[in-house]
């Protein structure tokens with residue numbers, strides 16, 4: 001009977017709503033931290049090895065202020081952390097949730113990757129997966145969840161990221177696309193856009209395409225673009241770019257320049273000139289930042305070996321009831337049932353000789369004794385189950 005509770009033994013609260021579950025109760029700072037070594041887990045007080053979990057997440061970014069944690073307004077990371085905190089009973093510092101890409105306000109994702117850690121493993125991962133999605137709002141979904149090895153890091157193990165920027169190129173905007181595509185009523189030239197996109201391929205200093213103050217030096221501005229395609233599908237033009245990494249708003253700035261080239265307002269060879277300038281103010285003369293709702297993080301690719309799952313040996317304590325606590329629980333229940341039976345036998349034996357008033361008095365006495373006993377065993381059992389969450 002205790003085994004039935006082994007797989008997943010949490011009482012799940014109602015679905016999250018952003019108005020009810022504001023993010024102000026979260027800690028003010030995120031912790032990436034190490035995932036190996038000793039760790040004090042909540043009220044357990046036991047040093048344990050941490051176990052890492054990998055998630056693939058999809059979300060509609062319209063209602064969120066990006067991925068990265070902040071108190072208000074809510075972010076995707078904040079909402080997911082609240083769900084994990086409800087299920088695991090850990091705080092956000094212990095979970096150490098880290099995302100692969102810090103998408104901006106209004107940007108969508110189909111293949112965002114994140115990892116978090118727990119001091120325990122779940123025997124039934126499918127139930128754990130369903131529980132997370134049951135707590136999330138409908139515009140966020142965990143598509144996959146799997147155990148990850150200690151070598152995996154959602155951000156630092158990446159090999160490449162793929163972004164798509166969708167443009168709806170038609171005089172009349174499709175109402176089913178307006179949240180996920182930039183509308184260009186002016187007819188674009190895909191051939192010119194492809195020619196310009198080829199200049200981005202390779203390793204370049206992308207300082208001109210990073211949103212930063214002219215007094216600020218862009219850290220690590222050199223990135224490699226593996227491919228940059230312009231795909232036509234009816235009225236939709238999709239800019240598909242894969243690179244080793246991207247600077248803040250780099251993809252949206254590149255998309256904005258290609259749109260200007262597609263309108264034939266600029267020649268394709270303007271791209272290498274802007275790259276060579278290494279100054280964001282130069283790009284600002286030619287193109288404004290493209291809106292966020294056309295951008296979607298499609299997938300994150302990882303270096304070989306980093307996605308290998310841990311062996312079964314590395315799995316530590318299961319999230320289960322302890323044997324001693326189960327025995328004490330069932331012993332207490334048995335004593336309580338025995339007391340109830342004795343009281344009923346006593347009533348049956350003497351009910352014929354007692355008048356109605358005496359019987360009512362005895363019934364009230366029985367209820368008082370039962371309640372007192374239940375209160376006693378409940379308070380004693382609370383300490384036995386303090387480690388069960």
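The values are calculated or read from the model by the stated rules, or taken from the named source; none is laboratory data. Nothing here was measured: the structure is a model prediction, and the numbers come from that model. All Cβ positions, even for glycine, are placed from backbone atoms using ideal geometry, and neighbour counts span all protein chains on display.
What residue, of 294, 245, is buried (at least 20 other Cβ atoms within 10 Å of the Cβ) and either closer than 25 Å to residue 62 by Cα or in contact with a strand residue (DSSP E or B) (Cβ under 7 Å, 6 or more places away or on another chain) (or both)? Break it down stepwise before answering.
Numbers: 245 fails: buried (at least 20 other Cβ atoms within 10 Å of the Cβ).
Only one candidate passes the filter, namely 294.
Within segment 258-267, identify whether any single residue is at pLDDT 95 or above, outside the structural domain of residue 122 (by TED's automatic domain parsing), outside any loop (DSSP other than H, G, I, E, B) and touching a strand residue (DSSP E or B) at 6+ places or on another chain (Cβ under 6 Å), and answer yes or no. It would help to see each step written out before you state the result.
Quick first cut of segment 258-267, residues at pLDDT 95 or above only: 258-267.
After this cut, where a residue has to be outside the structural domain of residue 122 (by TED's automatic domain parsing) as well, the list is 258-267.
Now drop any that are not outside any loop (DSSP other than H, G, I, E, B), which leaves 258-262.
Imposing the further condition that a residue be touching a strand residue (DSSP E or B) at 6+ places or on another chain (Cβ under 6 Å) reduces the set to none.
No, the conditions are met nowhere in segment 258-267.
Residues to consider are 187, 161, 166; find the one that is loosely packed, with under 15 Cβ neighbours inside 10 Å and either more than 27 Å from residue 105 (Cα to Cα) or modelled with pLDDT of 95 or more (or both).
Working: 161 fails: loosely packed, with under 15 Cβ neighbours inside 10 Å; 166 fails: loosely packed, with under 15 Cβ neighbours inside 10 Å.
That would be 187, the only listed residue that is loosely packed, with under 15 Cβ neighbours inside 10 Å and either more than 27 Å from residue 105 (Cα to Cα) or modelled with pLDDT of 95 or more (or both).
Criterion first (part of a helix (DSSP H, G or I) and free of Cβ contacts under 8 Å to residues at least 40 places away in the same chain) does residue 126 satisfy it?
So residue 126 fits the description; yes.
Which residues, taken from segment 129-146, are surrounded by fewer than 18 Cβ atoms within 10 Å (Cβ to Cβ), touching a strand residue (DSSP E or B) at 6+ places or on another chain (Cβ under 8 Å) and in contact (Cβ under 8 Å) with a residue 60 or more places away in the chain?
Across segment 129-146, the qualifying residues are 139, 141, 143, 144, 146.
Counting only residues that are within 38 Å of the chain's Cα centre (by Cα) and without any contact (Cβ under 8 Å) to a residue 40 or more places away in the chain, which one in segment 249-275 is surrounded by the most Cβ atoms within 10 Å (Cβ to Cβ)?
Restricting to residues being within 38 Å of the chain's Cα centre (by Cα) and without any contact (Cβ under 8 Å) to a residue 40 or more places away in the chain, the top hit is 256.
Of all residues in segment 65-78, count the ones that are touching a strand residue (DSSP E or B) at 6+ places or on another chain (Cβ under 8 Å) and buried (at least 22 other Cβ atoms within 10 Å of the Cβ).
Within segment 65-78, the subset touching a strand residue (DSSP E or B) at 6+ places or on another chain (Cβ under 8 Å) is 67-68, 76-77.
Filter again for buried (at least 22 other Cβ atoms within 10 Å of the Cβ), leaving 67, 76-77.
Looking only at that region, the number is 3.
Does residue 229 meet the test of being touching a strand residue (DSSP E or B) at 6+ places or on another chain (Cβ under 6 Å), in contact (Cβ under 8 Å) with a residue 24 or more places away in the chain and outside the structural domain of residue 76 (by TED's automatic domain parsing)? Full working, then the answer.
Working: touching a strand residue (DSSP E or B) at 6+ places or on another chain (Cβ under 6 Å): yes; in contact (Cβ under 8 Å) with a residue 24 or more places away in the chain: yes; outside the structural domain of residue 76 (by TED's automatic domain parsing): yes.
Judged against the criteria, residue 229 is a match.
Examine segment 108-127 for a residue that is in contact with a strand residue (DSSP E or B) (Cβ under 8 Å, 6 or more places away or on another chain), within 30 Å of residue 202 (Cβ to Cβ), surrounded by fewer than 21 Cβ atoms within 10 Å (Cβ to Cβ) and not assigned by TED's automatic domain parsing to the domain that holds residue 181, and state whether such a residue exists.
Looking through segment 108-127, at least one residue is in contact with a strand residue (DSSP E or B) (Cβ under 8 Å, 6 or more places away or on another chain), within 30 Å of residue 202 (Cβ to Cβ), surrounded by fewer than 21 Cβ atoms within 10 Å (Cβ to Cβ) and not assigned by TED's automatic domain parsing to the domain that holds residue 181.
Limited to segment 234-257, what total is found for residues that are within 16 Å of residue 67 (Cβ to Cβ) and in a strand (DSSP E or B)?
Final tally of qualifying residues: 0.
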